[in-house]
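Below: one structure, written as structure tokens.
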Amino acid sequence: RKEVEQDPGPFNVPEGATVAFNCTYSNSASQSFFWYRQDCRKEPKLLMSVYSSGNEDGRFTAQLNRASQYISLLIRDSKLSDSATYLCVVNAPRKLIFGQGTELSVKP
Amino acid sequence: NAGVMQNPRHLVRRRGQEARLRCSPMKGHSHVYWYRQLPEEGLKFMVYLQKENIIDESGMPKERFSAEFPKEGPSILRIQQVVRGDSAAYFCASSPDGELFFGEGSRLTVL
């Protein structure tokens, strides 16, 4: 089993759609969780951290379910500029482990 | 405050040559990480270093790859006797403690 697994992509959605990404992780001892965004295989950039109680940042909502070892990212009212690859990231001792990434393409 | 600086941005080598990739972390950051992204794949952890110490090299290939972070100067990822399969984007990240800040990457092409 991979340490961090994400939905396979790509996701092709129209502008304004709501899209959800899912991610599972294998290490029950993990304590820190993040969503990163990567555009055209440039450097990844932090989108948001994921907190136990769930957190929201504008159109983006992240959820964590420790019992199921599951993380999600919801994007509402998607924009063309949201097109990117979204990376689920989980901490392991001394490093962060990245998921494969899910590609999102938002079309006009 | 400059971000994480990597150079060269692009490097072309022939099989059997050596590749040296350099990374200067953000000011005040003492943790450096190297990740590799092969074409069509995700980022894979390679090595975690602090000044003069390798903390975790569990992701480094057993042969030909080495990394250092000297007391003075940038961190260096060195690949000896490169092969075509080494062609990838190599990203360096630094951290104060937790969140990773990435450089723009060094793209290695092995002919």
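Throughout, read-outs are computed from the coordinates displayed, never taken from laboratory work. From a predicted model like this one, the values you see are computed outputs, not experimental measurements. All Cβ positions, even for glycine, are placed from backbone atoms using ideal geometry, and neighbour counts span all protein chains on display.
Label-point separation (nm) for A:S53 and A:N12, each offset 7 Å from Cα along Cα-to-Cβ?
4.1
Please compute, for peptide B:46-59, the average count of beta-carbon atoms on other protein chains lying within 10 Å of each residue's beta-carbon.
Taking the mean over all residues of the peptide, I get 1.
Among A:S49, A:L73, A:Y36, whose Cα lies farthest out toward the positive end of the dipole of the stretch A:21-78, if unit charges sit on the beta carbon of Lys, Arg (+1) and Asp, Glu (-1)?
A:Y36
Pop a pseudo-label 7 angstrom from the Cα along the beta-carbon direction at both B:E63 and A:Q69 and give the gap in nm to one decimal.
3.4
Over the alpha carbons of the protein assembly as shown, what is the largest minus smallest coordinate on each principal axis, giving the biggest first in Å?
Largest to smallest, the principal-axis extents are 49, 39, 36 Å.
What whole number of Å gives the distance from the Cα centroid of the stretch A:88-108 to the Cα centroid of the stretch B:1-70?
Answer, in whole Å: 19.
Arranged by the count of other C-beta atoms within 10 angstrom, fewest first, what order do B:K27, A:K42 take?
Neighbour counts put them in this order, fewest first: B:K27, A:K42.
Under the rule that a partner needs its Cβ under 4.7 Å from the first Cβ, which Cys of the protein assembly as shown have none?
A:C40, each lacking another Cys Cβ under 4.7 Å.
In a Gaussian network model over chain B where Cα atoms closer than 10 Å are linked, find which of B:D97, B:D56, B:D86 has the largest mean-square fluctuation.
B:D97
Give, as ranges by residue number, the residues of the stretch B:73-97 whose backbone N falls under 12 Å from the point 7 Å along Cα→Cβ of B:K44.
B:85-89
Among rounded, prolate and oblate, which fits the stretch B:28-100 when a ≥ b ≥ c are the square roots of the eigenvalues of its C-alpha gyration tensor, a/c under 1.5 means rounded, and a/b larger than b/c means prolate?
oblate
Checking a compactness column here: for chain A, what do you get for Rg(Cα) / (2.2 N^0.38 Å), N being the number of residues?
Relative to the 2.2 N^0.38 Å estimate, chain A comes out at 1.01.
Sequence gap at least 6, Cα distance under 8 Å: using those rules, report the relative contact order of chain A to the nearest whole percent.
Contact order relative to length: 37 percent.
What pairs from A:K42/B:K27; A:K45/B:K44; A:K2/A:K79; A:K42/B:K62 go past 24 Å between their alpha carbons?
Distance filter (> 24 Å) returns A:K2/A:K79; A:K42/B:K62.
Once the dipole of chain B is set up with Lys and Arg at +1 and Asp and Glu at -1 on Cβ about the Cα centre, which of B:N7, B:G42, B:P96 lies farthest towards its positive end?
About the Cα centre, the residue reaching furthest to the positive side is B:N7.
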